[in-house]
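Participant: Could you have a look at this structure, given as structure tokens, before my questions?
Only the coordinates and a few stated rules stand behind these numbers; no lab work does. The model shown is predicted, which means the values in this text are computed figures rather than measured ones. Glycine also receives a Cβ, built like all others from the backbone with ideal geometry; neighbour counts cover every protein chain displayed.
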Amino acid sequence: MERNVTLDFVRGVAILGILLLNITAFGLPKAAYLNPAWAGSVSPSDAWSWAILDLFAQVKFLTLFALLFGAGLQMLLVRGKRWIQSRLTLLALLGFIHGLFFWDGDILLAYALVGLIAWRMVRDAHHVKSLFNTGVVLYLIGIAVLVLLGLISGNGASRSWVPDAANVQYEQFWKLKGGMEAVSNRADMLSDNLVALGVQYGWQLAGMMLMGAALMRCGWLKGQFSLSHYRRVGAVLIIAGMMVNVPAIAAQWYLQWDYRWCGFLLQAPRELGAPLQTIGYAALAWGFWPQLCRFRLVGAIACVGRMALSNYLLQTLICTTLFYHLGLFMKFDRLQLLAFVPAVWAVNLLFSQFWLRHFRQGPVEWLWRQLTLRASGTSSRDTSV
């Protein structure tokens, strides 16, 4: 099977972009991820960093990755039921290990569990339009549940939104100490994340996967439309997504990140605009690919996309070493943490290029494939990379 280099590039952009938000989750308490005023007050630099990332990156790159995950499910249908189920079950196991023993911000388990349901919906859908529309409906259900949670929530601030000094100190303690104390806390967070997945986030994740599968099936994610179409769609969708998001960002700032409004209700516009911007970003990649493909950096990012799983785990390895094992946790503010991102990106880019000069797959991708072959009872001659 010939690789779609543009798809690899977009996947690489997603993996690199996810770090823009994850760096805050690595370097600051959990509450800081969505709330710049988690400490009770907020500096202008933190507020502006939050606002800019909220507009261009927050949710967008995770949504892009979910879209591409769904496209991958569509591509895997030819492998058959046993292959897909084995592959996703192994990914769920990897995500469980990653989330329990390494970092509480894991996304692999959620994607794998939802994927185990979504792939059947992709397989059973006979028409592209119905597949895409089902994805849209599922996504909107997830947003509706988010709004409902906001309406029934109390007015008091949650400790997960504005933690007191004791909670911050304890989080710092177990993250720096590690051991069974950290495993116990990550287990609690893993349990909470699974509840959130079943109640609300799973709807949105499944919706994006179905939309991605539909866009792959119709050829849109294969670059089979005109360059002018992709450019026009990209511009329109990105502008539309920002128009939905900007008022919510301004409202959160005006309300000083009040929990009831900003923890739930004003998250909804961002979630609503994210698919528009996400598909817009992907459209621009295809629309300007003849120009983009000339740059060496673009080829390097495509290498990151080919090794997406390895690079995602490599980011965890680097950042947990820096912030937990070397004690840099809570030493930097939101803006300062962004200075770490280009350095980690450079490691991702250099490692991917070096590895793919010698091997056809990333190390974790190779292991994942070998275990899938064994679990599914499939011969390697029946599959391609």
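Participant: Determine the relative contact order of the chain: mean sequence separation of Cα pairs under 8 Å and six or more apart, normalised by residue count, in whole percent.
Facilitator: Relative contact order for the chain comes out at 31 percent.
Participant: Can you find, among 248, 307, 179, the residue farthest towards the positive end of the dipole of the chain? Put +1 on the C-beta of Lys and Arg, -1 on that of Asp and Glu.
Facilitator: 307
Participant: In whole Hz, with x marking every Gly and Pro, tabulate ³J(HN,Hα) for region 58-67 from phi via Karplus 6.51 cos²θ - 1.76 cosθ + 1.60, θ = phi - 60°.
Facilitator: Result, ordered by residue: 4, 6, 4, 6, 5, 5, 4, 5, 5, 4 Hz.
Participant: In nm², what is the average projected area of the convex hull enclosing the Cα atoms of region 5-382?
Facilitator: 18.5
Participant: Please work out the Cα center distance from region 11-46 to region 181-216, rounded to the nearest Å.
Facilitator: 19
Participant: Next question, about the same structure. Step through the residues of region 120-135 one at a time and calculate ³J(HN,Hα) from phi using the Karplus curve (6.51 cos²θ - 1.76 cosθ + 1.60, θ = phi - 60°), rounding each to whole Hz and writing x for Gly and Pro.
Facilitator: Running phi through 6.51 cos²θ - 1.76 cosθ + 1.60 with θ = phi - 60° gives 5, 5, 5, 4, 7, 6, 8, 10, 4, 4, 5, 5, 5, 5, 4, x Hz.
Participant: In debye, nearest 20, what is the charge dipole magnitude of region 224-341 about its Cα centre with +1 on Lys and Arg Cβ and -1 on Asp and Glu Cβ, if you could check?
Facilitator: Charge dipole of region 224-341: 360 debye, to the nearest 20.
Participant: A follow-up question, please. Among residues other than residue 264 whose Cβ falls under 15 Å from its Cβ, what is the net charge (Lys/Arg +1, Asp/Glu -1)?
Facilitator: For residues surrounding residue 264, the net value is 0.
Participant: Per residue of region 188-205, in order, report the coupling 6.51 cos²θ - 1.76 cosθ + 1.60 (Karplus, θ = phi - 60°) as ³J(HN,Hα) in whole Hz, putting x for Gly and Pro.
Facilitator: Coupling constants for region 188-205: 4, 5, 4, 5, 4, 5, 5, 5, 4, 5, x, 7, 10, 5, x, 4, 5, 5 Hz.
Participant: Sticking with this one: Calculated from DSSP H runs of 4 or more alone, at -39500 (n - 2.57) each and per residue, what is the 222 nm mean residue ellipticity of the chain, nearest 500?
Facilitator: Roughly -24000 deg cm²/dmol at 222 nm, from the helical runs in the chain.
Participant: How much net charge surrounds residue 363 when only the other residues with a Cβ under 13 Å from the Cβ of residue 363 are counted, with Lys and Arg +1 and Asp and Glu -1?
Facilitator: Counting the neighbours of residue 363, the net charge comes to +2.
Participant: Further, regarding this structure: Could you compute the FRET efficiency for residue 126 and residue 224, with r as their C-beta to C-beta distance and R0 at 22 Å, rounded to 0.05?
Facilitator: The pair residue 126/residue 224 has a calculated efficiency of 0.65.
Participant: For residue 252, what charge total do you get from the other residues with a beta carbon under 11 Å from its beta carbon, if Lys and Arg give +1 and Asp and Glu give -1?
Facilitator: Net local charge, residue 252 excluded: -1.
Participant: Continuing with this model, one more query. Provide Rg and Dmax in Å for region 107-227, with only Cα atoms included in the calculation.
Facilitator: So, for region 107-227, Rg and Dmax equal 19.3, 57 Å respectively.
Participant: Suppose every K and R has +1 on its Cβ and every D and E has -1 on its Cβ; what is the size of the dipole of the chain about the Cα centre, in Debye to the nearest 20?
Facilitator: Here the chain has a charge dipole of around 1440 debye.
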